[in-house]
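Asker: To start, I am sharing the structure in question, which I have written as structure tokens.
The values are calculated or read from the model by the stated rules, or taken from the named source; none is laboratory data. Source: prediction; values computed, not measured. Don't worry about glycine lacking a Cβ; one is built from the backbone with ideal geometry, like all the others, and counts go over all protein chains shown. Please note that ligands, DNA and RNA were not included when accessible areas were found on the heavy atoms of the full protein model with its side chains. Shrake-Rupley method; radii C 1.70, N 1.55, O 1.52, S 1.80 Å.
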Amino acid sequence: MVLISDPDLTWAKNTTAFLAERNLKSDIVTNGKDCQLSLYKHKYSAIILDIDTNNHPGLVVLKYLRLNYPGTKVILTFKDKERFREINLSSEDLKKIGVSDHLIKPYTFEKLMKSIEGENPLDAWKKVSVNEVAKED
């Protein structure tokens, strides 16, 4: 089950319709307070969290998630590249604060599915660096 927290209700409904086609159930909330309440009441495998969620901003909700539901996958979304630059955090910084992946709108639903499902274990070996192999020896 996936929770979508996005102030853009049209985008959230389109995302829900796409996920339903893939047999994934989802809930929609449009603000951070309702997001935290849904997280408290239900178990989600992933949350698609817009940085600009109102009434408890996205980063506050992210902190709540990390403290209370550390196993939940968080996909942080941004309305555009400029908004991503404004927060002044790199992809690595986002990972350190608990973001599994980040997407910049308009992203494709295929990218979203890849973020939700995670990396294919059969493809993971391709990302192993030479340094990681040397450490194991």
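Asker: What accessible surface, in Å², does a 1.4 Å probe find on Met113, ignoring ligands, DNA and RNA and rounding to the nearest 10?
Answerer: The accessible area of Met113 comes to roughly 20 Å².
Asker: Give the long-range amide H neighbours of Val74: residues separated by 5 or more places, or on another chain, with amide H under 5 Å away, using H modelled in the peptide plane at 1.01 Å from N.
Answerer: The list, which skips near neighbours in sequence, is Ile47, Ser100, Asp101.
Asker: With springs connecting C-alpha atoms under 10 Å apart, model the chain as a Gaussian network and identify which of Leu112, Leu59, Leu67 has the largest mean-square fluctuation.
Answerer: With Cα springs under 10 Å in the chain, the top fluctuation among Leu112, Leu59, Leu67 is at Leu67.
Asker: Lys and Arg at +1, Asp and Glu at -1: add these up for the other residues within a Cβ distance under 9 Å of Gly58 and post the number.
Answerer: -2
Asker: Also, quick follow-up: Skip the ligands, DNA and RNA, and give the accessible area per residue of the chain with a 1.4 Å probe, whole Å².
Answerer: Averaged over the residues of the chain, the accessible area is 62 Å².
Asker: How much mean residue ellipticity at 222 nm does the chain get from its helices, if each DSSP H run of length 4 or more adds -39500 (n - 2.57) and you divide by all residues, to the nearest 500 deg cm²/dmol?
Answerer: It lands at -13000 deg cm²/dmol.
Asker: Over the range 1-105, with every protein chain in place, what whole percent of the accessible area is carbon and sulfur at 1.4 Å, could you tell me?
Answerer: Carbon plus sulfur share of accessible area: 51 percent.
Asker: Now for a different question. What net charge is computed for the residues neighbouring Ile28, neighbours being all others with C-beta under 10 Å from the C-beta of Ile28, Lys and Arg scored +1, Asp and Glu -1?
Answerer: Around Ile28, the charge tally is -2.
Asker: Now a separate question. With the cut-off at 23 Å, tell me which of the pairs Lys43/Lys81; Lys13/Lys95; Lys13/Lys111; Lys13/Lys79; Lys33/Lys111; Lys43/Lys63 have Cα atoms farther apart than that.
Answerer: In this structure, Lys43/Lys81; Lys13/Lys95; Lys33/Lys111 lie more than 23 Å apart at Cα.
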